[in-house]
Amino acid sequence: MSLRNLDRMFEPRTVAIVGASQRAGRIGTTVLANMAESGFAGALWPVNPKYDELLGIPCYARIGALPKTPGGGPDLAVICTPADTVPGLIGELGARGTRAVIVLTPLPPATRQSMLKAARPHRLRILGPGGIGVVAPAAGLNASVAHVGARPGRIAFVSQSGMLMTAVLDWARQQSIGFSRVVSLGESVDIDVGDLLDFLAGDPDTNAIVLHLETIGNARKFMSAARIAARGKPVVVLKSGREGDDRVVDAAIRRAGMLRVQSSADLFDAVETVARARPLSGGRLGVISNGTSLGLLAADALQWIGGQLATLSPETVRRLRPHVPDRMVPANPLDIGVRADTARHAAALAEMLREPQVDALLLIHAPTSAAGSTEVAQALAPLIREAHRAVLSCWIGGEGVAQARKVFAEANLPTYDTPEKAVRAFRQIVQYQRNQALLIEVPGQGAVEQPEAHALRTAARELVAAARAAGQTALTPDQCRVVLAAYDLQLTDTPCADDSALLRIAMHVDPVFGPAIAFGLGGAAGSVADDRAVGLPPLNLVLARDIVERSKAGRALRERCDSVCNALVAVAQLVADLDEVASLSLDPVRLGDGGLRVQRAVIAVGPPRPEAAMAIRPYPQALEELVPWQGTQLLLRPIRPEDAAAHVRFFAALDPDDIRMRFFTTLRELPPAQLARLTQIDYDRAMAFIATRTVGDGEPETLGVVRAVADPDNSRAEFAIMIRSDLKGKGLGVILFRKLVDYFRSQGLGTLTGDALAENLGVQHLVRRFGGRVLPGDEPGTVQLAVDLHARSS
């Protein structure tokens, strides 16, 4: 997988610093000093022929003189030497058995290619060139030129800017924020942000991930890794620089289930917010304050960001009357007055928590003589912990509220020092949870395509191909009408008599993320308002509705947006089917009582886009296959998110020993996060085929599943297979494994690999049947499985 050998980089037992020095200003001097002072418990080996020792540590003249290790060479090497020496050093280190190298020296393009060529035979991973390096505090590793180290913690920080990394390290030390891993990517010629997301997704030392991105190279790889990581832990992104359309970048981050922040100041606040916040049922905020102006500050901030204040029910207003100052009517924001004591704080909080129209609550407190802030915090913290609502707090002041903040922080409750920060945090929670909901929306198979529709779409493909062959760069209006009709979109020249909304639906190809669908106001008003919400295809109705609701036009449509959402899904399908469509603009589109009608269409055509141009691969319906089995027919197909319920029933039908064989541990049920990982795949590097049939009650029944995840370089994929316990020995494993082998062979993959318990003789027999090998595993009681896909088998 793409995390291959990254464990050597973050938790090495031996580290060589090639080009270590004692001369001031040298990279090798700084790295050696950082490593010597970081508490590294392993072996540290400076390499430089000019010294016998450095900092009291024996120094080696060359790589060949380094001590032998079980792997042959150092687990990690840091290269600080001139550019022209790097490819040769990489070759030497690879030959010795080193599998992870940090190249801190900047390299010209030609030297980079020579370096990669030298690394390739040894499967050696390279971070850089350039950049600041790596810090892993728990391992005592500071293989960097940063001027400060890092405290141990549970946040991973990955940055494409070395300067921002050093600034964050400096700031985090002042704020007592710790890290699990800190990585400066440099030029990312080998290890990129996708690789690190893959590693960090499964890293038990990391609870949250913070990314600073300037560029995104391989969009599909990035989206694949980001979606996997974001399913398991919060991922917060700061994107800087101008690369393509920023609204497309924003759409990609949303679709991947991550949270984007707009400033470095918000980065770590956002991590704490999404990590500590409880789930929301909606976006309505209630506010309690012990001062009128404090509540108004929060209300103003909420209005500024387009948030929504909750409306209190008459019953809640009645219950709150005893807890507000005389002659005041309870409202939201709720002012409990500057004379509110601890008891009034607690009572008002309890009543607001009972209000069903409050989805989250913000408590704002400033020190007064009526109640000590610490006492208020100590009284409220237990109430909030037991509540089922998200509650944020703002303690305004300095030393007078420091202990109160500490009480809430120790109770794992989000706390902020200004109302504006708290409101922004609430908005982040709302947005993060919406993004997480979008993450599980993987468009599956739609309705079965009727013969008439299939014929129309085939004709549309032929029409576009013929237009291209004739040298056209755009379709004529009549050609547009035919193509759109194939996707149930009506192009008409008939004027609209009713009071219609003018809309625009468009597609353009982003240089990074490929085709992107845009929606907003149409006509002259749309040009003036610059109303454009963007999403990435493929789409379903939920994803389309998210695009519509983010636009000014969509917020005005409300209940009338179903036909618009259907149109967006249709355009996304058109884009996926017709890869020669270079851009598309439907403007104006009229939405009136008679439905949705396109009044002007412009469709540009060009060379076919490669399949990988779409950042998210659509459900590959062409891989569905009916096969005979035991006197009946089974459907072999890629797994879909909709299979989650059937997968739970499938897991429940497995014998405990079969579960242990598959997962190397005992599980009574699949945790929700793991169920999501198993059923929500990206159909790119990951593929899972299920054997399914429909039982008497009409419910789908999963009988077996085989899956694999490929390396980014498509050389190897790690597989696993599971057959329902009562169906073993009936040939189903062979059918499923052949499906997997045929698929990955068609993708040009080299080898299918896997790990199994030595006692799992069934999978070993299966692998041998396909010409594979069974070798001793790295751990006692395990075996390694490998099937060469370049060789044909039975």
Excluding residues fewer than 8 positions from Lys739 in its own chain, the lysines with Cα under 27 Å of it are Lys221, Lys728, Lys730
Coil-residue chymotrypsin sites (Phe, Trp or Tyr not before Pro) of the range 634-712, DSSP, other Cβ within 10 Å capped at 16: Phe664
Percent of all alpha-carbon pairs of the range 50-128 at distances over 14 Å, whole number, is 61
Is the range 376-440 best put as rounded, prolate or oblate by its Cα gyration tensor, with a ≥ b ≥ c the root eigenvalues, rounded for a/c under 1.5, and otherwise prolate when a/b is larger than b/c, oblate when not? oblate
From the convex hull of the Cα coordinates of the range 454-613, what is the mean projected area in square nanometres? 9.2
Using alpha carbon positions and the Kirkwood radius, the Rg to Rh ratio of the chain is 1.00
Under a Cβ-Cβ cut-off of 13 Å, what is the net charge of the residues other than Thr69 that fall near it, where Lys and Arg count +1 and Asp and Glu count -1? +4
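Based on DSSP H runs of at least 4 residues, each adding -39500 (n - 2.57), what is the mean residue ellipticity at 222 nm of the chain after dividing by all its residues, to the nearest 500 deg cm²/dmol? If you can, show how the numbers build up before the last one.
Values: 26 runs with 290 residues, N = 794.
Rounded to the nearest 500, the figure is -11000 deg cm²/dmol.
Which order do Leu785, Leu456 fall in if you start with the one that has the fewest other Cβ atoms within 10 Å?
Leu456, Leu785
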Just the number, please: Stokes-Einstein D of the range 6-274 in µm²/s, Kirkwood Rh from C-alpha pairs, 20 °C, 1.002 mPa s. 114
I'd like the distance separating the alpha-carbon centroids of the range 197-227 and the range 131-171, in whole Å. 17
Distance between the range 337-373 and the range 300-329 - C-alpha centres, whole angstrom: 12
Share, in percent, of DSSP beta bridges within the range 706-794 that are antiparallel, nearest 5: 85
For the chain, give the magnitude of the charge dipole about the Cα centre (Cβ charges: +1 Lys/Arg, -1 Asp/Glu; no others), in debye to the nearest 20. 940
I want the antiparallel fraction of DSSP beta bridges within the chain, as a percent rounded to 5. 55
Pop the C-beta distance of Met163 and Ala350 into the FRET formula with R0 = 35 Å and round what comes out to the nearest 0.05. 0.10
Using the C-alpha gyration tensor of the range 92-224, what are the square roots of 5 times its eigenvalues, in whole angstrom, with the largest one first? 25, 16, 15
Charge-dipole axis of the chain as Lys and Arg at +1 and Asp and Glu at -1 on Cβ define it, positive-most pick from Ala390, Thr374, Leu363: Thr374
Inverting the mean 1/r over all pairs of different Cα atoms, compute the Kirkwood radius of the range 278-439 and quote it in Å. 15.5
Measuring from its Cα centre, the range 528-602 shows a charge dipole (+1 at each Lys and Arg Cβ, -1 at each Asp and Glu Cβ) which, in debye to the nearest 20, is 340
Give me the lysines in straight-line cross-link reach of Lys68: C-alpha distance below 29 Å, same-chain residues under 8 apart excluded. Lys50, Lys117
Counting pairs of alpha carbon atoms under 8 Å apart in space and at least six apart in sequence, what relative contact order in percent does the range 621-788 give? 17
Would you list which lysines come within 21 Å of Lys406, measuring only between C-alpha atoms, while excluding same-chain residues fewer than 8 positions from it? Lys421
Rounded to one decimal in nm, the spacing of the 7 Å Cα→Cβ label points at Gln262 and Thr632 is 5.7
Might you report the magnitude of the Cβ-based charge dipole of the range 621-788 about its Cα centre, with Lys and Arg at +1 and Asp and Glu at -1, to the nearest 20 debye? 380
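Since every read-out is calculated from the coordinates, none of them should be taken as a lab result. Not measured: the values here are computed from a predicted model. Note: ideal-geometry Cβ built from the backbone for every residue, glycine included; neighbour counts use all protein chains shown.
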